[in-house]
Structure formats: C-alpha cells, structure tokens
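K.L.:
Starting off with a structure, shown below.
The values are calculated or read from the model by the stated rules, or taken from the named source; none is laboratory data. What you see is a predicted model; the values in this text were computed from it and never measured. All Cβ positions, even for glycine, are placed from backbone atoms using ideal geometry, and neighbour counts span all protein chains on display. SASA here: full protein model, heavy atoms, side chains in, ligands and nucleic acids out. Shrake-Rupley method; radii C 1.70, N 1.55, O 1.52, S 1.80 Å.
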Amino acid sequence: MEMAFTAQKHVRQVVATLEKTYPGRGTALEFKDPWQLLTATILSAQCTDVMVNKVTPRLFAAYPSVCALGHADILAVEAIVKPTGFFHNKAKAIIAESLELCEKWGGTVTPEMDFLTGLPGVGRKTANVVLAHAFGKQAVVVDTHVKRLTYRIGLSESLVPEKVEQDIMAAVAESHWNSLCDALIAHGRSTCNARRPDCDACTITGLCPKNGVPEAKVPR
C-alpha cells in the first residue's frame, strides 16, 4: 500500500532553515573554466566528486584545451577516466562535446540551456550545474539527493527530474534556487540519506512530512 503524499506548507521556512544549516555554496568539483566544469560534471555521473577531482588534473594536463580533447584518441582518454566508472561512454561523451565546441563554436561555452543541452551527451542536470557554478546563474540542479529530498520534504510529488525541476521553480523564489539545491545536496549527504535518514538530527524535522519514510514521526 502506497503512502499518501503530503505537500509542504511552509516552503519559505524550510528553504531558509536549510540555507542557514548549510551556508556553503558551490560545487565540490574542481575546475578553471566552464568547459572544464562541463567535462567534470559528465564524468561525475554515478561517481564521487572526490574521484573526479583525482582524475581531472591528469585529464586536463594531457588535453589542456577544448580542441585537444576533441581530437584525442579515445583509448588514451578511456585509460585516464577509467576510475570514474562507465569509462567507455564517458570518454566518448567528453570527446564528443569537446569536438563540437571546438569545430562549431570556437571552443566557447555559451551560458544558455538550449546551447548546453544541444551538445552531445549533455542533459539538463549537467547544463544546470554549469549555469549555476561556472556562470553564476540561478538554476535548479536535480541530482539524486535533490530528487529524493524534494519528495520527502513535500516540494514535489514527482521523481522525474524534469518535473522536480519545474516544481521547485514554481514553489521557490528564483533567488534561492542555487542555495537551496546546494543545501539539499549537502543535507542528503550528511543527514537525509536514502535508507536511514537521521530525522533526529535534522533541522527541518518539525516541518517535514517525511514522505516515503517508513515509521517516521510526521509533524502535525
């Protein structure tokens, strides 16, 4: 029997509390320019940021420019990115996006959603990471933590990333998109994990309907 979904009634208070609890801003991925962040974000799929940060210095030392990586030998790139997992697909993807940037756009990353998602292998999540953290634009990054927590907290009944993104954009003021997503990611890593969320240590436990959390104490 499925549990009923309870929508969040105190969105502003939840957002403010999470932002206060996790004041740190930005991505843990290390980069020097938008192309490097784009490439690192592709490599981060189903891989820790820590591992990506170990791999990218070697990758960018070997291929210091968009065109260098775009024209790289795929086997050589695979050997470098192998520790990030799914290295066949990832090597293919970062070479493809780099090649298109090199040959079609003069190596320049344009800070627009349509431009970014038009590149090979780049979806909305990756594009939003680049917009938010390389260009300072307000964007909603829906990773696994954000998707899980927005449902639990009651900000979105959907688990489809595109719908979650739309629901957050509708419920939360644009000026808070980046800070909220950063806070949700930090909260998901430190407190509200997938299997055993630590509700006793949670700063919004009194406001959270705890959707999908079995035997949770739900606020009345």
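K.L.:
Helix-only estimate, please: 222 nm mean residue ellipticity of the chain, summing -39500 (n - 2.57) across DSSP H runs of length 4 or more and dividing by its residues, to the nearest 500.
P.N.:
So the calculated ellipticity at 222 nm is -16000 deg cm²/dmol.
K.L.:
Could you tell me the accessible area of residue 78 in Å² (1.4 Å probe, neighbours in place), rounded to the nearest ten?
P.N.:
Taking all protein chains as shown, residue 78 has close to 20 Å².
K.L.:
Could you work out how far helix 49-62 tilts from the main Cα principal axis of the chain, as a 0 to 90 degree angle to the nearest 10?
P.N.:
That helix lies at roughly 10 degrees to the long axis.
K.L.:
How large is the accessible surface per residue of the chain, computed with a 1.4 Å probe and reported in Å² as a whole number?
P.N.:
I get 53 Å² per residue for this part.
K.L.:
Using the Cα gyration tensor of segment 71-132, with a ≥ b ≥ c the square roots of its eigenvalues, what is the shape: rounded (a/c below 1.5), prolate (a/b larger than b/c) or oblate (neither)?
P.N.:
oblate
K.L.:
Check the chain for me: any Cys whose beta-carbon has no other cysteine beta-carbon within less than 4.7 Å?
P.N.:
47, 181, 192, 199, 202, 208
K.L.:
Using C-alpha positions alone, give me the convex hull volume of segment 134-207 per residue in cubic angstrom.
P.N.:
That works out to 94 Å³ per residue.
K.L.:
Residue by residue through segment 141-157, which ³J(HN,Hα) values in whole Hz follow from phi under the Karplus form 6.51 cos²θ - 1.76 cosθ + 1.60 (θ = phi - 60°), with glycine and proline marked x?
P.N.:
Result, ordered by residue: 8, 9, 9, 5, 5, 4, 4, 5, 6, 5, 6, 4, 6, x, 7, 8, 7 Hz.
K.L.:
What accessible area, in Å² to the nearest ten, does a 1.4 Å probe give for residue 10?
P.N.:
Taking all protein chains as shown, residue 10 has close to 90 Å².
K.L.:
Same structure again: Tell me, what is the 1.4 Å probe accessible area of residue 65, in Å² to the nearest 10?
P.N.:
Residue 65 has an accessible surface of roughly 50 Å² with all protein chains in place.
K.L.:
Just need the Rg to Rh number for segment 34-108, please, alpha carbons only, Kirkwood Rh.
P.N.:
The Rg/Rh ratio comes out at 0.93.
K.L.:
Just to confirm my numbers, what's the Cα centroid distance between segment 20-72 and segment 170-209 in Å?
P.N.:
Comparing the Cα centres of segment 20-72 and segment 170-209, I get a distance of 25 Å.
K.L.:
Also, quick follow-up: Working with all protein chains in place, sort 58, 195, 124, 25 by solvent-accessible area computed with a 1.4 Å probe, largest first.
P.N.:
In descending accessible area the options line up as 195, 58, 25, 124.
K.L.:
Continuing with this model, one more query. With a 1.4 Å probe and all protein chains left in place, how much of the accessible area of the chain comes from carbon and sulfur atoms, in whole percent?
P.N.:
Result for the chain: 54 percent of the exposed heavy-atom area is carbon or sulfur.
K.L.:
Further, regarding this structure: Treating the angle as unsigned and between 0 and 90°, give the value, to the nearest 10°, between the Cα long axis of helix 34-43 and the longest Cα principal axis of the chain.
P.N.:
70 degrees
K.L.:
Lysines near residue 125 by alpha-carbon distance under 30 Å, same-chain residues fewer than 8 away left out - which ones?
P.N.:
9, 20, 32, 54, 82, 90, 92, 104, 137, 147, 163, 210
K.L.:
Of the candidates 34, 64, 111, which one comes out as most mobile in a Gaussian network treatment of the chain with C-alpha springs shorter than 10 Å?
P.N.:
64
K.L.:
Tabulate in residue order the Karplus-calculated ³J(HN,Hα) for segment 168-179, using 6.51 cos²θ - 1.76 cosθ + 1.60 with θ = phi - 60°, rounded to whole Hz; enter x for Gly and Pro.
P.N.:
Taking θ as phi minus 60°, the curve returns 5, 4, 7, 8, 10, 4, 4, 5, 10, 4, 4, 5 Hz for segment 168-179.
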